[in-house]
Amino acid sequence: MFTLEIDGTAIAVINGDEATARDLFTCDGFKEDIRSMTTAGRPIWNGTSALTVRKSTEDEIEEFEDALAADDGEGEFEPDAQHAAEGDGSEDEEEADIVFLVDIDDEDEDQPLDA
């Protein structure tokens, strides 16, 4: 497993090989996602910091496995059309799971409440 790290913070773990991790974590669609997603009110990625892909630690692997075990399979998965378009069209590619290690802000939390 491999981890995406930004500015010394472990952001996400993927259960693929290094080539798959680098491909996914550096594709334009994923970069757009982590620029628009926030944690504690701040973007996960500022668009300029280096995206580092490294082997996952034992603790990160355990957190990944715990998250998958707790997943009921009913999340709001949306295929990344941009990443799919960058592929070679092969249907033989294995699906890789990604688990974020940071708390992602709920989109509804960003909406101002009517007073």
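Residue by residue through the range 9-36, note down the ones that are open to solvent by 50 Å² or more (accessible area, probe 1.4 Å) and within 10 Å of the chain's Cα centre (by Cα). Those that are open to solvent by 50 Å² or more (accessible area, probe 1.4 Å) and within 10 Å of the chain's Cα centre (by Cα): Lys31, Asp33. Can you confirm whether the range 78-95 contains a residue that is under 21 Å from Met1 (Cα atoms), exposed (fewer than 10 other Cβ atoms within 10 Å of the Cβ) and modelled with pLDDT of 55 or more? The answer is yes; a qualifying residue exists. Among the residues of the range 1-46, which ones are of a type in the set (Ser, Thr, Tyr) and touching a strand residue (DSSP E or B) at 6+ places or on another chain (Cβ under 8 Å)? Those that are of a type in the set (Ser, Thr, Tyr) and touching a strand residue (DSSP E or B) at 6+ places or on another chain (Cβ under 8 Å): Thr3, Thr20, Thr26, Ser36. Consider the range 42-66 and keep the residues that are among the aliphatic types (A, V, I, L, M) and over 13 Å from the mean Cα position of the chain (by Cα). The one that is surrounded by the fewest Cβ atoms within 10 Å (Cβ to Cβ) is Ala50.
The values are calculated or read from the model by the stated rules, or taken from the named source; none is laboratory data. Quantities reported herein were computed from a predicted structural model and do not represent experimental measurements. Reconstructed Cβ throughout: ideal geometry from the backbone, glycine too, with neighbour counts over all protein chains shown. Remember, those area values only see protein heavy atoms, side chains included, never the ligands or the DNA or RNA. Shrake-Rupley method; radii C 1.70, N 1.55, O 1.52, S 1.80 Å.
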